[in-house]
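To keep things clear, I will list the structure first and then write my remarks on it.
The values are calculated or read from the model by the stated rules, or taken from the named source; none is laboratory data. Because the structure is a prediction, the values reported are computed rather than measured. Here the Cβ positions follow ideal geometry from the backbone for every residue, glycine too, while neighbour counts run over all protein chains shown. Calculation scope for accessible area: heavy atoms of the full protein, side chains included, ligands and nucleic acids excluded. Shrake-Rupley method; radii C 1.70, N 1.55, O 1.52, S 1.80 Å.
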Amino acid sequence: MKEEVNALLIGAASSGCGKTTFTMGLLRALSRRRLRVQPFKCGPDYIDPLYHQQAAGRESVNLDTFMASAPHVQSLFARYGSDADVRVVEGAMGLFDGYDASRGSAAEVAMLLDVPVVLLVNARAVAYSVAPLIYGFRHFNPQLRLVGVVFNFVASERQYAMLRQACDDAGVSCLGYLGRNADLTIPSRHLGLSIEERRQAERLIDLAADEVEAHVDIDRLLQASKSVYPGNTQCIARKNTVYSTEKHFDRLSIAVARDEAFNFTYRANIDTLRSRGNVVFFSPLRDAVLPDCDLLYLPGGYPELFAKTLSDNEPMRRAIRDYCEAGGRVLAECGGFMFLCHDIDGLPMCGVLPMSATMEGARLHLGYRQMSVGSETLRGHEFHYSSVREADCPAGVDRLALQRSAMGTPVETPIYKYKNVLAGYTHWYWGEKPFELIWNI
């Protein structure tokens, strides 16, 4: 059975076009109309979904065709969007930019889901010359349904008239524009660091929504976004296989760190944990007691920006250290891994792993990661500026697994194991494959 839904993907001609600003403005504008809007984000991004959630009031969902199979991505779109009036997907980078040419790109996601695309074009220092660019995006891949263009950074109505003429001559509907406004610049990519910064983000979202309502034809955009999509979720990815593990994970108590310092998670990952047991969130910044749990998950985030507060919370640091030393199962990713180290730039942390994390000589480490676990492949993403000081692997701490890039090239990203603790910089995706697979590393 097929059903008609409102769904669209917001792509861009290149990075820096303002996709997140336009997306959160559109999400808020649609929410003002009392529409239930479900946001999605292409790729492994953790920060843009936080803006989505604040703008739409619904948690965003990552759609990534490297970390997950095509049927799984389709199932996420169907399942999480099933009760929404509108589904809005924010693309990543340029529309056709992927990890290997267009593989993994926003365009690939749009064609996989068969949803129409609205292209956001940077109109700084250009006018009618956008016509061949728009024409090229429309005709490059016939499977892609480009239904409209929105311009950003438009300086005047005169410039917009020429841009609109360019759309007409390229054969693509012009749906509106956002003007040049310095106040629409996202001031920080660290959403949620403080109440004041969340207030600043709220003002930015409302301002973006005002701009969308003033200059974008939302009714035409909604009409263009109508799409026929399967009315059920029979395209769900293959069922999880039961793997042999030292300990089963059925109906356990699972503690997940979640606050301003630890908030890099995938919604499908957390829902997988919920299927295994009772998930309880806690704050390493503010709580003094670690919840009773059979599994502790310390995700990534910004512990380096809260190192003093984390260090001052000695009861929590001691509780986590005691839990680890007693053989408790722990998965720590990126920021969570740093938190388990002896210190972050001299400030004491949990001291479970006898190494130091530092922001000195900060250098971006970025890219998809994969590794073989038996006959399966586990996939994830690495994104950090910090590093750990480690001349040799300390006694009692093992280095595990060979990770590779998306193109199969070996990378120097270790996974550390200490007792029942697994820790490292990679953010793993287990929304499709069994979480237990991680413990077979």
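Descriptive notes on the structure:
- If you go through the range 291-305 and keep only what is within 21 Å of CYS334 (Cβ to Cβ) and open to solvent by 30 Å² or more (accessible area, probe 1.4 Å), you end up with GLU304, LEU305.
- Conditions (1) of a type outside the set (Lys, Arg); (2) in contact with a Ser or Thr (Cβ under 8 Å, 6 or more places away or on another chain); (3) part of a helix (DSSP H, G or I); number of the one not met by VAL147: (3)
- Some residue of the range 187-196 being assigned to a loop (DSSP other than H, G, I, E, B), open to solvent by 90 Å² or more (accessible area, probe 1.4 Å) and at pLDDT below 95: yes
- The set of residues in the range 150-170 that are over 20 Å from LEU8 (Cα atoms), outside any loop (DSSP other than H, G, I, E, B) and of a type outside the set (A, V, I, L, M) comprises PHE153, GLU157, ARG158, GLN159, TYR160, ARG164, GLN165, ASP168, ASP169.
- Within the range 255-277, the residues that satisfy the criterion of being aliphatic (A, V, I, L, M) and part of a strand (DSSP E or B) are ALA255, VAL256, ALA257.
- Per-region count, the range 98-117, residues out of contact with any strand residue (DSSP E or B) (no Cβ under 9 Å at 6 or more places or on another chain), touching a residue at least 60 places away in the same chain (Cβ under 8 Å) and either in a loop (DSSP other than H, G, I, E, B) or among the small types (Gly, Ala, Ser) (or both): 0
- Hits in the range 329-378 (condition: in contact with a Pro (Cβ under 7 Å, 6 or more places away or on another chain) and acidic (Asp, Glu)): GLU333
- Test: residue in the range 394-417 that is under 21 Å from ARG363 (Cα atoms), among the acidic types (Asp, Glu) and outside any helix (DSSP H, G or I): yes
- Of the residues making up the range 13-28, not a single one is modelled with pLDDT under 95, under 20 Å from ALA110 (Cα atoms) and among the charged types (D, E, K, R).
- Where a residue in the range 202-223 is in a helix (DSSP H, G or I) and its partner, wherever it lies, is open to solvent by 70 Å² or more (accessible area, probe 1.4 Å), with Cβ under 8 Å and at least six apart: LEU204/ASP183; LEU204/PRO187; LEU207/ASP183; ALA209/ARG32; GLU213/ARG32; ILE218/ARG33
- The single condition from (1) open to solvent by 30 Å² or more (accessible area, probe 1.4 Å); (2) without any contact (Cβ under 8 Å) to a residue 40 or more places away in the chain; (3) not basic (Lys, Arg) that ALA127 fails is (1).
Residue-wise test of (1) of a type in the set (Gly, Ala, Ser); (2) part of a helix (DSSP H, G or I); (3) open to solvent by 10 Å² or more (accessible area, probe 1.4 Å).
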{"residue": "VAL280", "(1), (2), (3)": "no, no, yes"}
{"residue": "VAL289", "(1), (2), (3)": "no, no, yes"}
{"residue": "LYS308", "(1), (2), (3)": "no, yes, yes"}
{"residue": "SER356", "(1), (2), (3)": "yes, no, yes"}
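- Residue pairs meeting the criteria (Cβ under 9 Å; at least 6 apart or on separate chains; first open to solvent by 30 Å² or more (accessible area, probe 1.4 Å) and charged (D, E, K, R), in the range 134-147; second at pLDDT 95 or above and not in a loop (DSSP other than H, G, I, E, B)): ARG138/LEU119; ARG138/LEU146; ARG138/ALA170; ARG145/ALA110; ARG145/MET111; ARG145/VAL117
- Residue ID - nearest to the chain's Cα centre (by Cα), chosen from residues in the range 50-72 that are assigned to a helix (DSSP H, G or I) and surrounded by fewer than 24 Cβ atoms within 10 Å (Cβ to Cβ): LEU50
- Each residue in the range 55-86 was checked for being among the basic types (Lys, Arg) and in contact with a helix residue (DSSP H, G or I) (Cβ under 7 Å, 6 or more places away or on another chain), and 0 pass.
- Entry remark, the range 311-327: residues being touching a Pro at 6+ places or on another chain (Cβ under 6 Å) and buried (at least 21 other Cβ atoms within 10 Å of the Cβ) number 1 in total.
- Residues in the range 415-441 that are farther than 20 Å from TYR266 by Cβ and open to solvent by less than 10 Å² (accessible area, probe 1.4 Å): TYR416, VAL421.
- Meets criteria (within 21 Å of the chain's Cα centre (by Cα), in contact (Cβ under 8 Å) with a residue 40 or more places away in the chain and within 18 Å of VAL216 (Cβ to Cβ)) for VAL86: yes
- The set of residues in the range 391-441 being more than 25 Å from ASP322 (Cα to Cα) and among the basic types (Lys, Arg) consists of ARG404, LYS433.
Here's the yes/no breakdown for (1) surrounded by 14 or more Cβ atoms within 10 Å (Cβ to Cβ); (2) under 16 Å from LEU437 (Cα atoms); (3) modelled with pLDDT of 95 or more:
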{"site": "ARG329", "(1), (2), (3)": "yes, yes, yes"}
{"site": "CYS334", "(1), (2), (3)": "yes, no, yes"}
{"site": "ALA362", "(1), (2), (3)": "no, no, no"}
{"site": "ARG379", "(1), (2), (3)": "yes, yes, yes"}
{"site": "VAL388", "(1), (2), (3)": "yes, no, no"}
{"site": "ALA395", "(1), (2), (3)": "no, no, no"}
{"site": "THR413", "(1), (2), (3)": "yes, no, no"}
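- For the range 74-105, a residue qualifies if it is open to solvent by less than 10 Å² (accessible area, probe 1.4 Å) and within 17 Å of ILE10 (Cα to Cα), and the qualifying residues are PHE77, GLY81, VAL86, ARG87, VAL88, VAL89, GLU90, GLY91, GLY94, LEU95, SER105.
- Of the criteria (1) part of a loop (DSSP other than H, G, I, E, B); (2) closer than 19 Å to ALA224 by Cβ, which one VAL121 fails: (1)
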